[in-house]
Amino acid sequence: MENNLFNYTLHLADNSLTMGHRLSEWTGHGPMLEQDIAISNIALDLIGQSRNFYQYAAALKDDSVTEDLLAYLRDAREFKNLLITEIPNGDWAKTIMKLFLFSTYQFCFYQKLIDSSDKQLAAIAEKSLKEVTYHVRWSSEWVIRLGDGTEESNKRIKLAMEEVWPFTGEMFQPAEYESLLINNRISVDVSEIKNDWMGRVKSVLEEATLSYPEDKNTWMQTGGKNGIHTEHLGYLLAEMQFLQRAYPGCEW
Amino acid sequence: MENNLFNYTLHLADNSLTMGHRLSEWTGHGPMLEQDIAISNIALDLIGQSRNFYQYAAALKDDSVTEDLLAYLRDAREFKNLLITEIPNGDWAKTIMKLFLFSTYQFCFYQKLIDSSDKQLAAIAEKSLKEVTYHVRWSSEWVIRLGDGTEESNKRIKLAMEEVWPFTGEMFQPAEYESLLINNRISVDVSEIKNDWMGRVKSVLEEATLSYPEDKNTWMQTGGKNGIHTEHLGYLLAEMQFLQRAYPGCEW
Amino acid sequence: MATEELQKVFDDKIAEEIRIEPKDWMPDDYRKTLIRQISQHAHSEIVGMLPEANWITRAPSLRRKATLLAKVQDEAGHGLYLYSAAETMGITREEMVDQLLSGKAKYSSIFNYPTLTWADIGAIGWLVDGAAIMNQVPLCRASYGPYARAMVRICKEESFHQRQGFEILLTLCKGSKEQKEMAQDALNRWWWPSLMMFGPNDDTSPHTAQSMKWKIKRFSNDELRQKFVDVCNEQADILGITIPDDKLVWNEKRQHYDFGEINWNEFFNVIKGNGPCNKERLAARVSAHENGEWVREAALAYARKKAPKSPSGEFESFRN
Amino acid sequence: MATEELQKVFDDKIAEEIRIEPKDWMPDDYRKTLIRQISQHAHSEIVGMLPEANWITRAPSLRRKATLLAKVQDEAGHGLYLYSAAETMGITREEMVDQLLSGKAKYSSIFNYPTLTWADIGAIGWLVDGAAIMNQVPLCRASYGPYARAMVRICKEESFHQRQGFEILLTLCKGSKEQKEMAQDALNRWWWPSLMMFGPNDDTSPHTAQSMKWKIKRFSNDELRQKFVDVCNEQADILGITIPDDKLVWNEKRQHYDFGEINWNEFFNVIKGNGPCNKERLAARVSAHENGEWVREAALAYARKKAPKSPSGEFESFRN
C-alpha cells in the first residue's frame, strides 16, 4: 500500500515534470513573444505541480529522500510518466496537440483526484486544477486557431494529431500500483474518466474542423507508467540530471 | 613540465574524441550507405587515436587514472579540444568542411609530431598519420565534389565554409602548456605549420571552385585549448558521460 | 532450350547441391522469393543500425564506444553485400530502397523495439544476433550462389558481434546490483521478441515447404527456434540471469527445453506496423534519404562532369 | 504653434521635470534617440533570454529550474513593455524586430558571451542584472513618460533577479571546492564584459551630453561604472571570491576604488559582430521568427475569419 502510494505519487510528479521540461525548451524560441511567455508560464505551473508531488512522495519516505533526489537521481526505467509527456516537441502544432490532449486529461483527472481520500493528493489536485483549467483553454484555442487557420496550419495540426494520438490510450489504462489504490479511494479510476475526456476533446476538434480519430482501430502505445519509455527519455534525463550526477551531494 | 605534457596530451586526445564523437552521430543517418560506412570509419579512427593519447596521459599520472576517467569524468571547462571539433554537425556540407579543415590540420601537425622528442607522442603520431592521410583525401574529394557539383551543393559548401572558417584560427595559436614544451622539442610549434596548412587548403578549395577567405580580416574564435568552449560542448558531454556519471565506479 | 528442360537442369542442380548463379536460368517464383528474402534481410541490417546507433554517443567506455561503432558499421556493410546479392537477380538498389521507404517491403520486426538501457546493446548482440546466426548459418549453404557467399562473410562477423554482446552482459552481471538488474531487465524485454524472429509456427508458415525444396531454407522455423532456446538456456545460466518464461523446463524425453506460448497477437501486430518504434524507424530512414538527396545529386553531377564518356555504372556508389 | 514655440514648451517641461507624453510635440532627434535606445533595450531583453535559457533544461534543482524559467520569462515581459513604449513613438514592433533580425539594430554585447557553467547563471544575475539596474534606475526618471513607467516595473523585477543571482553564487561559494571554483571562474569571465556594459569612457561618448540635457540620461557612463565597481567589491568580499583585476584598490582620496583599464579593443570588436556568440544569438532569433511565421499567419487568418469587422488592432498579439 505504502509503496503503491509512493509510486502513484511519483507517476503524477513525473508527468508534470517531463511535460514542463519539454515545454520549457520553447522558452526564448516561441513563435511570438506573447506565446513564448504563455508557454513558459504553463511550463512553470507544471514544474510547480511536480514539486508538490515530489515533496509529498519524499515525505512518504525517510528524511534522506528529497524532491531533487527523486527528480535527478532516478534513471529512465524508474520514471513513470506517460509517454506523451516525453516525446519531442516537434513544431508548434505538435507541441500544442500534446499539451491539449494532456491538459484535458489532467483536467478530467484532477477533477476526480480532489475527492481522493488521501488529503495531500486532494489538496495538490485542487491547487493544480485551477492552473490546468487555463492550460486547457489556452491549448484548445490554439488547436482551433490552427485547425481553422490557414491550409498550412490545418495540415500541420492534422499531422500532429496523427503523431500524438497513439500516445493517448495509456492515459486510461491503470498501472498495478494505481489499480490497487482505487478501492481505498486514493487513486482515480482512470478508465472512468475516458468518456469525459473524449467529449471534451471531440468538441474542440470539431470547432477546429478536425475529425475525432476512430479510436477502436488505432493501436496505442503503452509502457510509460511502468517505466517502459520511448528512446527519447534517456536523452532528456541525461541533460536534465547532468549537474546533480556530475557533482554528487552538493547544495545548489 | 610534467603537467604541461599531461595537458598537451589531453588536448590532443580531446580533439580526436570530440571530433570522432560528432562524426559518429552520422552513423545510421548518412546520405548513402557507402558514405555512412566511410564516415563511421573515420569516427572510429579518431576515437582510436583519442584512446592512445588518453592512455598515455593516464600513464603520466598514478595508477588510479584511466583513459575512461579522463574521457568521462571531466566537465566542459577541463576539456581542451579545439572548438571546431565540438560544434554541431549541421548538414553534410558543414560536416565535410569541418572534417576537411581539421584533418588537414591534423595531417600537417602529425607530420611534425612524429619528430617529437617524446617517443610516445611520436609513435602515436606516426600511427595516426596513416589514418589522417585517408581522412584528408576523403574529405578533400567531398569538398571538391560539393563545390563543383550542383548549384545547391555549391551554395551549401560555401555557407559551411563561412560558418566553419572562424574556428580555424585557434589551430595555430599555442596554449601556454603547448608553448612551454616547444623548446624541449616535445610539442609542435603550431604557428610554423600554418603555411603548410594554408597551401593544402587553398589548392583543394581552388579545385572545388571555392575561394580562400581573406584571412587577415576574419575575426577568429578562440578558447578551446584553454577550456573556454562553445555552449555546445556541455550538451555533448552530458550525453556522452551519462552512464559513467549515473553509475559511478562501475566496470562496463 | 524449352522451359521444361531448363527447369530440369535447375532441379538437378538443386538436388545435387550445385549452386545457382546469376546467369543461370531459374524459375520466376524462385527469383521472386529470393529477391524478397534477400532485400528484406538487407533492409533489416539497415534499419537494425538504428536501435544500436542510439547508444553510440552514450556508450559507457571508450572501448565499448569503438566496438559498438564498428558493429553498427559492419551492419551497413552487410546491407551492402545483400543489396548487391539481390541486384544480381535483376532489381536495383533504388527499387529496393523505395520499397523500404514506402513501407511496401518489410524488415525484421525486432528492430521496432526501443533500446532503453545500455544492457539492451548486450541483449541485442546476444539474443538478436544469436537468433540471426541460427537463421543464417544454414543460409551459407543456400542454393543461390551470391546469397550463400554473402552469408558466409556475414555469419563470420555476426558471431563476433554475438560474443561481444554476451560479453557486455557478462560484465554487467559481474558488476553492481544495478548493473545486474539492468541485464535481467534487458533479457525480460528482448527474450520473446527474439523468439519471434524465427517466424510463425511451422503449421502456419505456408512458404516453408517450397523454400525447403529450393534449398533456400534448411530447417523449419520451429526447429531453429528450439535450437535457439536450448542454447540460450545454458548461456543464461552462465550469466546468472533468468529467462522470463515459467513454462521453460527440460524435457527429458524430447531432449529439449519445453517453453511457453509466444504472443502471436503481438507478433502480427508489430508486423502490421503497430510496434513501439515502427514509425520512428521508418521516419529516420526516410529523413536520412531525403536529407541525402542533394548530396547524391551533387556527387552524380560532379562524376558526370569529370568523366563524361564513362558508362553510368561508374556512379554506382552515389546512387543511393 | 510654430516649431519654436513647441520647442520652448518642450524645453520647459524638461527643465521642470514634467514628463513628455506620446501625444506631445517633441524634437525629431529626441524621438529618434529614444526609439533607438528603447528598441535596443527591448532587443537586449529578448536576446538576453538565450544565454540563460541555455541552462533551464540543466538547472541543478527543481527550485532553481523554476526560478530561472520565471526569470527568463520576465525578460520576455520586459521586452514586451519596452516594445510597447517604443511603439508610442510611432514605430511598429515588426519594424523593430526586422531591424534586429537584419542586424541593423544593436543589442547589449554582453549577451554575445556564452554561458558555460551553472555559475554563469549566478554571475549574469549578479553582475549583468546588477549593471543593468545601475543603468536603469535613473531611467525611471527619464523625461519620456511611457519609457520611465516601463522602467519602474522592470527595475523592480531586475533587482529581484539580481538578488537571485547573488544567492546562486553564494550557495556555490559555500559549497564544495569545485563549486567555489565554478563561481570564481564565472566572475573571471563576466567581470570585464560587465564593466563594458556602461559603454565607452565619457571622453569618447559623444551622445552623452545631449542625452543628459534631454534627461534621458542622468549620470555619465564612467560615473555609473565607478558606482558599480564600488558596490561589487563589497559583494565579492561577502562571496569570498576575487575580482580579476590586480589594479583594483581603494583610493582614499577619491573615496572610490581605482580599477584597471578596460580592453576597449574587445569591446568594439564584439559590437562589430566579432564576439563568441554573435552569429548564434542572431541565428536563434531568426530561426524562432521564421519557424513562427506559419503560426502567426494562421492566428491572423483565424482572427480575421472570426471577427471580420473588427479593426486590425485586435490582432495585435499575433503580429509578431
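Descriptive notes on the structure:
- Cα centre as origin, Lys/Arg/Asp/Glu Cβ charges: the protein assembly as shown dipole, Debye: 860 debye
- Tensor-based shape of segment C:78-139 (alpha-carbon gyration tensor, a/c under 1.5 rounded, otherwise prolate or oblate): oblate
- Dipole of segment A:2-246 [Lys/Arg +1, Asp/Glu -1 at C-beta], most positive-end residue of A:Thr95, A:Tyr212, A:Gly234: A:Tyr212
- For segment C:13-101, the Rg and Dmax computed from alpha carbons only, in angstrom: 16.8, 52
- Gap separating the Cα centres of segment D:134-189 and segment C:212-243, nearest whole Å: 66 Å
- Peptides A:71-84, C:118-131, ordered by how many other C-beta atoms sit within 10 Å of their residues on average, highest first, read C:118-131, A:71-84.
- Global geometry of segment D:87-176, whether rounded, prolate or oblate, following the gyration tensor of its Cα atoms and the 1.5 cut on a/c: oblate
- Helix runs (DSSP H) in chain A reaching 15 Å along axis by Cα, Kyte-Doolittle at least 0.0: A:33-60, A:92-113
- Considering only alpha-carbon pairs that sit under 8 angstrom and 6 or more positions apart, the relative contact order computed for segment D:3-288 is 19 percent.
- You can think of it this way: the chain between D:Glu181 and D:Lys272 has 29.6 nm of extra reach, that is 0.36 nm per residue less the Cα-Cα gap.
- For segment B:1-95, the pair-distance distribution built from all alpha carbon pairs, in bins 5 Å wide starting at 0, is 3, 14, 22, 23, 15, 11, 7, 4, 2, 0 percent.
- At most 16 other Cβ within 10 Å, DSSP loop - GluC sites (Glu not before Pro), segment D:260-291: D:Glu261
- Charges were assigned to the Cβ only: +1 to each Lys and Arg, -1 to each Asp and Glu. The resulting dipole of chain C about its Cα centre is roughly 980 debye.
- Qualifying trypsin sites (Lys or Arg not before Pro) in segment D:238-287, DSSP loop, other Cβ atoms within 10 Å at most 12: D:Lys247, D:Lys253, D:Arg254, D:Lys272
- Gap separating the Cα centres of segment D:3-25 and segment A:1-67, nearest whole Å: 52 Å
- Debye equation applied to the C-alpha atoms of segment C:3-288, log10 I(q)/I(0) at 0.11, 0.12, 0.16 Å⁻¹: -0.66, -0.79, -1.35
- In this simple spin-label approximation, B:Lys155 and C:Ile18 carry label points 7 Å from Cα along the Cα→Cβ vector, and these lie 5.9 nm apart.
- Remark: label point of A:Lys202 defined 7 Å out from Cα along the Cα-Cβ vector; separations to the same position in other copies 7.5 nm, ascending.
- Whole-Å distance, taken between Cα centres, linking segment B:86-124 and segment C:90-114: 38 Å
- Sorted largest first, extent of the protein assembly as shown alpha carbons per principal axis (Å): 113, 78, 60
- Relative to the current alpha-carbon distance between D:Lys305 and D:Lys227, full extension at 0.36 nm per residue lengthens the span by 22.5 nm.
- Each stretch of four or more DSSP H residues adds -39500 (n - 2.57); spread over every residue of chain C, this sum gives -20500 deg cm²/dmol at 222 nm.
- The orientation-averaged projection of the convex hull spanning the C-alpha atoms of segment B:52-100 amounts to 4.4 square nanometres.
- Principal axes of segment B:2-246: Cα extent on each, largest first, Å: 56, 42, 31
- Computed over the alpha carbons of segment B:189-252, Rg followed by Dmax gives 19.2, 53 Å.
- Mean per-residue shielding of peptide C:46-56 is 4, counting Cβ atoms of other chains within 10 Å of each Cβ.
- Helix-only CD estimate at 222 nm, as mean residue ellipticity for chain A, using -39500 (n - 2.57) per DSSP H run (n ≥ 4): -20000 deg cm²/dmol
- Most to least packed among D:171-178, C:135-142 [average Cβ atoms within 10 Å]: C:135-142, D:171-178
- For A:Glu251, the point set 7 Å out from Cα toward Cβ sits 4.0 nm from its twins in the other copies, listed from shortest up.
- Label 7 Å beyond Cα on the Cβ vector: A:Asn217 copy-to-copy distances, nm: 6.5
- Whole-percent pair-distance distribution, where bins are 5 Å wide, for the alpha carbons of segment C:247-307: 4, 14, 10, 9, 9, 9, 9, 8, 7, 6, 5, 5, 4, 2, 0
- Residue of chain B with the Cβ closest to the rotation axis carrying B onto A, and that distance rounded to whole Å: B:Arg245, 2.
- Whether segment A:62-153 is rounded, prolate or oblate, judged on the alpha carbon gyration tensor where a/c under 1.5 counts as rounded: oblate
Read the figures in this text as sums done on the coordinates, not as results from a lab. Being a predicted model, the structure only gives us computed values, none of them experimental. Positions of Cβ are generated from backbone atoms using ideal geometry, with glycine treated the same way; all protein chains shown enter the neighbour counts.
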